[in-house]
Structure formats: structure tokens, C-alpha cells
């Protein structure tokens, strides 16, 4: 689609996540950070623990970490997240633990590949991220890659896909992770979650999608990340 004539503030990734010097946070801290970004009201530590799938004592520890880093403010009404700072902290400190990763290529359009794969994943815990899911939420660039997260190993149809040597040659990347908070939970109230599926394609947490866009890199993905962030926060792109 044509690009709007606007100036955007773009994050540029000069290092892979593994080379970040900042201390890497665990799944619980990442989940709380995403919850605070998503919410638009003060919240209690008890609520955060319940809907971020952690214990209340752990919630207290995580809030202390975020407080030290300037990510939250404590008010009489509850805890309020500083959205832009939380995005910065999430990018600097979080990286899902990947148990295995495989690379696949097919010549068809990436969005068609995602729809075909999704049609075979009934009952499995899976979700797409960049570029595909981001384009479903906030169209900006023509998707050239789809990262598929799963909590268990999955089989890719060998009649449709061939193994690729790496991410630069792939159209689909399959990542097996143990962090279930990246996937939507049916019992979670709407304000704590996101649309779990669009056009038949399951998607992971949009905030991790934003992270993946920037990790993959490239000017187009940087621009797409700005648009996606504004969609997440309900704001207007700068």
C-alpha cells in the first residue's frame, strides 16, 4: 500500500538480542510488562499477578524491578505504567527462550502460507508474529516472513515447504517456546488480552510482535513497528 508522507521515529537494531548487554528478564517480568503496556487504568499487584499468570509475591518483586527502571508510578488508585518507558524496557530486557527453531521456504505468498498452516493446527497452541500478524493488525509493509510460535514441535508439510538454511532464506520460521503468556487465554478478560485470531490466522501478543519486527530489522520493519505500537496504545503515530 502507498506510504503516507509522514516522518516516523524508527528504532534501529544494531545487535541481535543475544548480544544485548542489558540483563535478560524472565517470562513473568515480560508478561507483567506487556500487561502494564496494554492496560489504560491503574491496577493492583493482585490483579497483575492473576492475569499475568504469576504469584502475588513474584508480582511484588517484578514491580520493584520496573519501579527501579522508571517503568511504573504508584498512585492512590493503583499502579500505572509509563508506556513508552515500558516499551523501551521490553525491547532491551526481554527475549523468549526458544527451545528449537526451524526455517522453511515456499514460493507462494507468505500470507497464504500462514493461512494454509493455520488450517492444519486445530487444537494446538500456536500463533504468528512478524511480519504476518503485524500486517493483519496494522497493515504497512508487504509481509516476506512469518514467525510461528508454538509450545510443542510441529510438522510442516514437506509437499509444500522445503527446509531453508537460515532465516534469510526462509518464508516461515517455527519457534518452539515454553512461555505460555505469549499466547491468548480464553479465560482472560478482554482488556488484558488481544484478538486471538484474524482471518483464520492465530496471533501471539502484539507487543512481542513489535519486538520481533525490530529484532528482524530493516527500515520497513522499523516503520511498521511504529504503526503497530500506535495501534497497541491507541495513539497517533508521531
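Inside the range 1-37, residues that are under 26 Å from residue 218 (Cβ atoms), modelled with pLDDT of 50 or more and part of a helix (DSSP H, G or I) make up a count of 4.
Quick grid of which residues meet (1) in the same structural domain as residue 148 (by TED's automatic domain parsing); (2) at pLDDT 95 or above; (3) assigned to a strand (DSSP E or B); (4) closer than 25 Å to residue 178 by Cβ:
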| position | (1), (2), (3), (4) |
| --- | --- |
| 59 | no, no, no, yes |
| 65 | no, yes, no, yes |
| 70 | no, yes, no, no |
| 84 | no, yes, no, no |
| 87 | no, yes, no, yes |
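List pairs: first in the range 128-140 and in contact (Cβ under 8 Å) with a residue 40 or more places away in the chain and outside the structural domain of residue 203 (by TED's automatic domain parsing), second assigned to a strand (DSSP E or B) and surrounded by 21 or more Cβ atoms within 10 Å (Cβ to Cβ), Cβ under 6 Å, 6+ apart or cross-chain? Listed by first residue and then by second, the contacts come to nothing, as the list is empty.
Go through the residues of the range 97-116 one by one and say whether even a single one is assigned by TED's automatic domain parsing to the domain that holds residue 189, within 17 Å of residue 183 (Cα to Cα) and buried (at least 21 other Cβ atoms within 10 Å of the Cβ). Yes - at least one qualifying residue is present in the range 97-116. Considering every residue within the range 151-160, establish whether at least one is in contact (Cβ under 8 Å) with a residue 60 or more places away in the chain, surrounded by fewer than 17 Cβ atoms within 10 Å (Cβ to Cβ), under 17 Å from residue 102 (Cα atoms) and in contact with a strand residue (DSSP E or B) (Cβ under 7 Å, 6 or more places away or on another chain). No, that holds for no residue. Among residues of the range 21-37 being free of Cβ contacts under 8 Å to residues at least 40 places away in the same chain and surrounded by fewer than 19 Cβ atoms within 10 Å (Cβ to Cβ), the one that is nearest to the chain's Cα centre (by Cα) is 26. Here is the figure for the range 38-57: residues that are touching a residue at least 12 places away in the same chain (Cβ under 8 Å), assigned to a helix (DSSP H, G or I) and surrounded by fewer than 16 Cβ atoms within 10 Å (Cβ to Cβ) total 1.
The values are calculated or read from the model by the stated rules, or taken from the named source; none is laboratory data. Quantities reported herein were computed from a predicted structural model and do not represent experimental measurements. As a convention, Cβ positions derive from the backbone with ideal geometry for all residues, glycine included, and neighbour counts pool all protein chains shown.
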